[in-house]
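*Asks:* There's a structure below that I have some questions on.
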Amino acid sequence: MYKLLKKDGSARRGRLNTVHGGIETPVFMNVATAGAIKGAVSCDDLETINTQVVLSNTYHLHVRTGDKLIKELGGLHRLMNCKRPILTDSGGFQVFSLASLRKIKEEGVYFRSHIDGHKIFMGPEESMNIQSNLGSTIAMAFDECPPALADRAYIKPSVDRTTRWLLRCKNEITRLNSLDTTVNPNQLLFGINQGGIFNDIRIEHAKTISEFELDGYAVGGLAVGESHEQMYDVLDNVVPYLPQNKPIYLMGVGTPSNILEAVDRGVDFFDCVYPSRNGRHGQVYTNAGKMNLLNEKFAKDMRPIDEVCTCPTCRSYSRAYIRHLLKAKEMLGLRLCVLHNLHFYNEMMTEIRTAIDAGNFKEYKRKKLEKINMKSC
RNA sequence: GGGCGAAUUCCCGAGUGGCCAAAGGGGGCAGACUGUAAAUCUGCUAGCGAUGCUUUCGAUGGUUCAAAUCCAUCUUCGCCCA
């Protein structure tokens, strides 16, 4: 399945083969929570922005429009007309982000729908069933993502429960994959390491889940309130204890700098709402730093967002035009920014892979960080 | 020609003697956002030597300790009658 092709320091070049095609790593997955990348980006657009993997969400698709219907329609790939691998998050993050609307129990989590308030129960088996119905390429284990600042007394039992849930996830997906009615009987399962910022809990948990022989391992519960230094420290400590012959996924991260630092610590998979959400809010990434296109200084700026960018947006449109569209609240403005940002991220991942292949990742990272942290914008 | 009504800070609009530099929108300016309850949220939006001072509610003059608010005249804009 996963092939580690080359190491450059701790940075890894690899390939994960799936039934929906190969994934060259390190990779940034483009977030399409509710079955679409927000900003009117279609699966056709993925070709022009170099997307390899799409990420969707168990909870959101279950609540609307329903995983059973999606299965009936042939699965999420068919529904979205997506020809690339799709990873589905398990709903574990919603245990964190919908904290005010849920109650955690041993059997699972009781949510109140953020749409209409009705009660929803989701445990490991439910999450696996939903993800199986969606037929995603990679399913994530159902975990609890506790807040970064939670104390030891909260984290320890939470992590232990996440471990018990992982066993239930594995058993359930094994059962589901064996049924002849399954949309994607080759669905992969990634487990998730937790432990807050407590390295001893993290390491112990990493060792435990390493024995589950999963298809990949994620580090979750980061970038949820702790500092960058704390996050990097956790990675330094935990990544070495995860199976090195499997892909390693840092969930929900992050900024371009975060990604460069995490690749340098052995991480292969990433996802983050930043490029899409920030794009919708007019903030775009360039090789000369971040830029808020809503700023007045771009009103007469007829240059493309990034002079060296080859994305569909930069090939045709100016900062002034996009600023105008954003001000006029035209959907096209959001779309152009999202396309640019995703292209920027995906392009950076290509550069990262090229650098690792060439054995000069450290040098590449140093130069890239210099560029993207420039304040000239 | 006569009658009635209205004029508020960039715009709309509340306020009808002191708690008013003046609600609330909009617009403008800036910031935030990390497995997306997020095309969302937050802050600022008369000026300044700034826990105070100055100028401001169509204009001018007046009443009052105190006026965006009361009075007079004027100007402009609506509506109605001729």
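The values are calculated or read from the model by the stated rules, or taken from the named source; none is laboratory data. Bear in mind the structure is a predicted one, so any value in this text is a computation, not a measurement. A quick note on method: Cβ atoms are made from the backbone with ideal geometry, for glycine too, and the neighbour counts reach across all protein chains shown.
*Asks:* It is to be established whether one or more residues within the stretch A:177-195 are surrounded by fewer than 23 Cβ atoms within 10 Å (Cβ to Cβ) and assigned to a helix (DSSP H, G or I).
*Replies:* Yes, there is a match, as at least one residue in the stretch A:177-195 is surrounded by fewer than 23 Cβ atoms within 10 Å (Cβ to Cβ) and assigned to a helix (DSSP H, G or I).
*Asks:* Would it be correct to say that A:Gly254 is within 20 Å of A:Asp89 (Cβ to Cβ) and surrounded by fewer than 23 Cβ atoms within 10 Å (Cβ to Cβ)?
*Replies:* It is true that A:Gly254 is within 20 Å of A:Asp89 (Cβ to Cβ) and surrounded by fewer than 23 Cβ atoms within 10 Å (Cβ to Cβ).
*Asks:* Mind checking whether some residue in the stretch A:352-362 is β-branched (Val, Ile, Thr), in contact with a Pro (Cβ under 7 Å, 6 or more places away or on another chain) and touching a residue at least 24 places away in the same chain (Cβ under 8 Å)?
*Replies:* Yes, the stretch A:352-362 contains at least one residue that is β-branched (Val, Ile, Thr), in contact with a Pro (Cβ under 7 Å, 6 or more places away or on another chain) and touching a residue at least 24 places away in the same chain (Cβ under 8 Å).
*Asks:* In addition: When the residues of the stretch A:261-292 are narrowed to those that are in a loop (DSSP other than H, G, I, E, B) and either β-branched (Val, Ile, Thr) or at pLDDT below 95 (or both), which ends up farthest from RNA strand B (Cβ to nearest atom)?
*Replies:* A:Ala288
*Asks:* Just to be sure I understand the filter: pairs with C-beta atoms under 6 Å, separated by 6 or more residues or on different chains, first member in the stretch A:219-232 and under 13 Å from A:Ile259 (Cα atoms), second member near RNA strand B (Cβ under 8 Å from one of its atoms) and not in a helix (DSSP H, G or I). Which pairs pass?
*Replies:* Sorted first by the residue in the stretch A:219-232, then by its partner, the pairs are A:Ala223/A:Gly252; A:Ala223/A:Val253; A:Ala223/A:Gly254; A:Met231/A:Leu222.
*Asks:* Could I ask something else about it? If you take just the helices (runs of 4 or more DSSP H) that sit entirely in the stretch A:314-377, which of them hold at least 2 residues that are within 12 Å of RNA strand B (Cβ to nearest atom) and surrounded by 13 or more Cβ atoms within 10 Å (Cβ to Cβ)?
*Replies:* Numbers: elements: A:319-327, A:331-358, A:361-372.
So the answer is A:319-327, A:331-358.
*Asks:* Here is a follow-up. Please work out which one of (1) under 24 Å from A:Leu222 (Cβ atoms); (2) more than 9 Å from RNA strand B (Cβ to nearest atom); (3) without any contact (Cβ under 8 Å) to a residue 40 or more places away in the chain; (4) not small (Gly, Ala, Ser) is the condition A:Val308 fails and give its number.
*Replies:* Of the numbered conditions (1) under 24 Å from A:Leu222 (Cβ atoms); (2) more than 9 Å from RNA strand B (Cβ to nearest atom); (3) without any contact (Cβ under 8 Å) to a residue 40 or more places away in the chain; (4) not small (Gly, Ala, Ser), the odd one out for A:Val308 is (1).
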